[in-house]
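*Asks:* Here it is, the structure, as structure tokens.
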Amino acid sequence: MLRQNKFKIKEDLKELESLLKKQTSLSGEKRVKCLIFTKENRFSTRSQLAQYLGGHKCTIERWLNKYDSNGVDFMVQNQSKPKESQYITDEIHNGLASRVTNSSNPFLGYWDAQQWVTRIWSRYKLPYFALSFNQTFWAEAKISKKIPC
């Protein structure tokens, strides 16, 4: 029942501890700790290890399987990937970008952008949260403001 011993961690503890100190994200830290604890056989089951790290045993198994196939580089690389919006197509994104930078007719808020998308592209019923949660777009946009005379 000790499936954890199936994995042989190639790196020595000093190297793993050195990698742990270099981690800048919590997820990277947890992954390296997973390797350290597996190498030390600190926990008798993956469930105990997962509980200690604050995750699920399936996550631990996935990490160890990926470590087994890809090595330690997988464990320490930045794992964040931007997700594409299922609502905002490239056509809508380009339209929003041109309208946001238009100083003569800027959006008054997310609701205004939502209504504008529905008016221009009537086949799309864009939910409010699709715009408000699309932080990447709004953060990158140089929003033009009307300056009162």
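A short reminder: the numbers here are calculations on the coordinates, not readings from a lab. None of these values were measured; they are calculated from a predicted model. Positions of Cβ are generated from backbone atoms using ideal geometry, with glycine treated the same way; all protein chains shown enter the neighbour counts.
*Asks:* Looking at this model, which pairs from Lys21/Lys57; Lys8/Lys30; Lys22/Lys57 are more than 22 angstrom apart at the alpha-carbon?
*Replies:* Pairs exceeding the cut-off: Lys21/Lys57; Lys22/Lys57.
*Asks:* Would you list which aspartates and glutamates come within 17 Å of Lys125, measuring only between C-alpha atoms, while excluding same-chain residues fewer than 8 positions from it?
*Replies:* Asp90, Glu91, Asp112
*Asks:* At a 10 Å Cβ-Cβ cut-off, how would you order Trp116, Trp111, fewest neighbours first?
*Replies:* Trp111, Trp116
*Asks:* Sort Tyr67, Tyr110 so that the residue with the fewest other Cβ atoms within 10 Å of its own Cβ comes first and the one with the most comes last.
*Replies:* Least crowded to most crowded, the residues run Tyr110, Tyr67.
*Asks:* A further question follows. Along the Cα→Cβ direction, 7 angstrom out, place labels at Cys58 and Glu40. What is the inter-label distance in nm?
*Replies:* 2.9
*Asks:* By count of other Cβ within 10 Å, fewest leading, how are Thr38, Thr118 ordered?
*Replies:* Thr118, Thr38
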